[in-house]
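Computed from the coordinates by the stated procedures, all read-outs in this text should not be read as laboratory data. This structure is a prediction, so every number in the text was calculated from the model and none was measured. Cβ atoms come from the backbone with ideal geometry, glycine included; neighbour counts cover every protein chain shown.
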Amino acid sequence: MAIQQLLREWPPGYGGVERVAHELASVWGGSVFSLDVQRKAALNDDPLPVTYPRRRLPSTKPLGRLQLPLPSKTLWDLLRSTQPLHGHLPSPGVALVLLLARVLRPRRQVTAHWHCFLEPRPGFMGNLFALYQWAALRLLPHLTAVVTTSPCLARELHRFVCRSDHLLVLPCSLSKEQEEAGLALAPPVARDGIPLRVLFIGRLDSYKRLDWLIRALAQLTSPWRLAVVGDGPKRKDFEQLAHRLFLQTSPVTFHGRLSETSKLQQLAAADVLVLPSDRSNEAFGIVQLEAMAAGRPSLAFNHPRSGMGWVGQLPGLPWLQSPDALAEVLQRLADHPLLRYQLSVQARERYLRLFARSVWTQQIERLGDLAAAGNVGTVTE
């Protein structure tokens, strides 16, 4: 049976939630409904091939992440359907539809995908989303199942509201094409005299903490290079920081947003990917999987409500995973090319063991079987 999905974003897009919905739809089939169609005018500019129908759910104008569905035939058809419904959170609009679907058809399979915990923020909107998260957490036990992306998030959900037999851990996945391209790359060359090549990929916003990475690299006594891929509202601030620290001889290069092919070229030229975000909003990095498939270790901070540290953790690189320790671990990588090579091998091995497409496909099949039987259990490393 085809499975319907609902999310705020327009897949496949560039964000983690859009990519998850895209990969699920590519396997399950069924329609994907979206509240926000910012990319509606760019249907011919999708970054990945789309083989499933996408439908716009008429909704209010977005106010930040707040966007609610409007009464419409499309909404009514979605609510009256007997097909399994999977909604991707956080999104107040999606949570509302899941609640309505459960009320109107109590026997329907209604599943929530909990992608992240929202960090509290000051002000009216911050209070509003804190209220939403409180309500969404209390909705979860009344749904068929709850799917999340890492054991870290599963433990937090279990601690708050969900039974362990109600939860399933389903890590994110790369597309078949992305995986093949990454696995085809050779590991970095282990040779003295080559500067440490650091890569950052992501939206250039304050919560990504690229400033921490730049300042940490500035403390190194060995040669290094930093390539920054992505764009965003704080790009100018980060560029000015690099200019102040390094003047005209800056080893930091800002590439802006790149195509999938160009991004892969940057991965091929890198020794390590660093994602120093300090918020639980960043719960799982698809780009981490791209790096690990390519044999590049991914450094991220541990956070009790984020899986970023769990995704990239390697036995050969124990570290405190804090801003103060970032410079220390980067210095170790810069001084020891052989360590970089060993971590490259470990990163790819971890990818193949936990996140490979074949592993993910088996988990998808298990999710479908368990949901159909009304029985869900946790999967942890």
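Mind ranking 195-207, 337-349 by how tightly packed they are, going by the mean number of other C-beta atoms within 10 angstrom, highest first?
Going from most to least packed, we get 195-207, 337-349.
Select from Ser150, Ser222, Ser277 the residue whose mean-square fluctuation is largest in a Gaussian network model of the chain (Cα-Cα springs shorter than 10 Å). Largest GNM mean-square fluctuation: Ser222.
In a shell of Cβ-Cβ distance under 11 Å around Met292, excluding Met292 itself, what net charge do Lys and Arg (+1) and Asp and Glu (-1) give? Don't skip to the end; give the middle numbers.
Numbers: positive: Arg296, Arg348, Arg350, Arg353; negative: Glu179, Glu290, Glu349.
Around Met292, the surrounding residues sum to +1.
For the pair the stretch 115-135 / the stretch 42-76, the C-alpha centres are spaced 23 Å from each other.
For His86, nonlocal amide neighbours, meaning residues 5 or more places apart or on other chains whose placed amide H falls under 5 Å from its own, are Gln4, Gln5, Leu6, Thr111.
Within the listed set Leu131, Leu99, Leu66, the residue fluctuating most in the Gaussian network model of the chain (springs between alpha-carbon atoms under 10 angstrom) is Leu131. Across Phe160, Phe124, Phe238, mean-square fluctuation computed from a Gaussian network of the chain (C-alpha pairs under 10 Å connected) peaks at Phe124. For the chain, the longest principal axis of the alpha carbon atoms and the long axis of helix 323-335 meet at an angle near 50°.
Got a sec? How would Lys73, Lys263 order by Cβ neighbour count within 10 Å, fewest to most? Don't skip to the answer; put the middle values down first.
On the way: Lys73 8, Lys263 20.
With the sparsest Cβ surroundings first, the list reads Lys73, Lys263.
What's the exposure ranking of Phe246, Phe117, going from fewest to most Cβ atoms within 10 Å? Please list the in-between numbers first.
Values: Phe246 14, Phe117 21.
Exposure proxy ranking, most exposed first: Phe246, Phe117.
Taking other Cβ atoms within 10 Å as a rough exposure proxy, Trp28, Trp134 sort from fewest to most as Trp134, Trp28.
Packing, as the average of other Cβ atoms within 10 Å across residues, places the peptides 164-173, 297-306 in the order 297-306, 164-173, highest first.
For the stretch 307-312, the Karplus equation 6.51 cos²θ - 1.76 cosθ + 1.60, evaluated at θ = phi - 60°, returns couplings of x, 4, x, 5, 4, x Hz by residue, with Gly and Pro reported as x. Extents of the stretch 59-210, largest first, come to 65, 38, 35 Å (Cα atoms, principal axes, whole angstrom).
Just add up the charged neighbours of Ser91: K/R +1, D/E -1, any other residue whose Cβ is under 10 Å from the Cβ of Ser91.
On the way: positive: Arg8, Arg65; negative: Glu9, Asp36.
Result for the local shell: 0.
Given axes a ≥ b ≥ c from the Cα gyration tensor, I'd like to know whether the stretch 176-355 is rounded (a/c under 1.5), prolate (a/b larger than b/c) or oblate. Note, shape of the stretch 176-355 comes out rounded.
The angle between the Cα long axis of helix 124-139 and the main principal axis of the chain comes to about 60°, on a 0 to 90 degree scale.
Its residues counted as N, the chain yields a C-alpha radius of gyration over 2.2 N^0.38 Å of 1.00.
For the listed residue pairs Lys61/Lys234; Lys73/Lys234; Lys176/Lys236; Lys61/Lys176; Lys236/Lys263, the alpha carbons are over 32 angstrom apart in Lys73/Lys234; Lys176/Lys236; Lys61/Lys176.
Using alpha carbons only, how many degrees (0 to 90, rounded to 10) separate the axis of helix 337-350 from the longest principal axis of the chain? Computed tilt is about 20 degrees.
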